[in-house]
Amino acid sequence: MVYVDGFIVPVPKKKIPAYRNLARKAGRIWKEYGALEFKECVADDVKVGKWTSFPRSVKRKPNETVVFSYIVYKSRRDRDRINAKIMKDPRLAKMMAGKEMPFDGKRMIYGGFKTIVDL
């Protein structure tokens, strides 16, 4: 079964175009190293829940939206191999070092997930 990295990120609404450009570049690099899929999805029907929700999880501010992202790999082993290369890639380091990052990385939620159903 495939392995998935998932991310939830708060992004200022006015910075969605910059975020999209960054994600396109990053996605091409992930796929170049072997990721099967790279998806970035902006909130469309996401309500603030009483106790938990996507907006609450990242402490979304009024001027922000939520982006849900995921990367699909053949396996956990493949993911670890690909991410090791990603972390050494100077193209990504240059993108992430910018002072004008289009999101607050301190409020990003992420993790790796084993697939238990794949239809």
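Being within 16 Å of ALA23 (Cα to Cα) and not in a helix (DSSP H, G or I) narrows it down to one residue among THR65, THR52; which is it?
Exactly one residue qualifies, and that residue is THR65.
Under the condition of being in a helix (DSSP H, G or I) and of a type in the set (A, V, I, L, M, F, W, C), which residue from region 94-111 is surrounded by the fewest Cβ atoms within 10 Å (Cβ to Cβ)?
Restricting to residues being in a helix (DSSP H, G or I) and of a type in the set (A, V, I, L, M, F, W, C), the top hit is MET96.
Go over the candidates ARG77, ARG56, ARG81 one by one and state the one that is more than 14 Å from PHE7 (Cα to Cα), surrounded by 15 or more Cβ atoms within 10 Å (Cβ to Cβ), charged (D, E, K, R) and free of Cβ contacts under 8 Å to residues at least 60 places away in the same chain.
Just a single option satisfies the conditions, and that option is ARG81.
Do we find a residue being surrounded by fewer than 17 Cβ atoms within 10 Å (Cβ to Cβ), out of contact with any Leu (no Cβ under 7 Å at 6 or more places or on another chain) and among the β-branched types (Val, Ile, Thr) anywhere in region 33-44?
Within region 33-44, one or more residues are surrounded by fewer than 17 Cβ atoms within 10 Å (Cβ to Cβ), out of contact with any Leu (no Cβ under 7 Å at 6 or more places or on another chain) and among the β-branched types (Val, Ile, Thr).
Given the criteria in contact with a Gly (Cβ under 6 Å, 6 or more places away or on another chain) and either closer than 19 Å to TYR33 by Cα or in a loop (DSSP other than H, G, I, E, B) (or both), does ILE116 qualify?
no
Residue check, ASP44 against (1) in a loop (DSSP other than H, G, I, E, B); (2) closer than 27 Å to ILE116 by Cα; (3) at pLDDT below 95, all met but one. Which one?
(3)
May I ask you to list pairs of residues, at least six apart or on different chains, whose Cβ atoms are under 6 Å apart, with the first in region 105-119 being of a type in the set (Gly, Ala, Ser) and the second being surrounded by 10 or more Cβ atoms within 10 Å (Cβ to Cβ)?
GLY112/ASP5
Can you go through ILE8, ILE29 and tell me which one is in a strand (DSSP E or B) and either exposed (fewer than 14 other Cβ atoms within 10 Å of the Cβ) or touching a helix residue (DSSP H, G or I) at 6+ places or on another chain (Cβ under 8 Å) (or both)?
Answer to the check: ILE8.
Filtering region 34-61 down to residues that are under 13 Å from the mean Cα position of the chain (by Cα) and among the acidic types (Asp, Glu), which residue is nearest to ASP89 (Cα to Cα)?
Here the residue is GLU37.
Can you tell me which of ARG91, ARG77, ARG81 is modelled with pLDDT under 95 and assigned to a helix (DSSP H, G or I)?
Result of the check over ARG91, ARG77, ARG81: ARG91.
The values are calculated or read from the model by the stated rules, or taken from the named source; none is laboratory data. As the structure is a computational prediction, the values presented were derived from the model and not from experiment. Because the Cβ atoms are built from the backbone with ideal geometry, glycine has one as well, and the counts that use them run over all protein chains shown.
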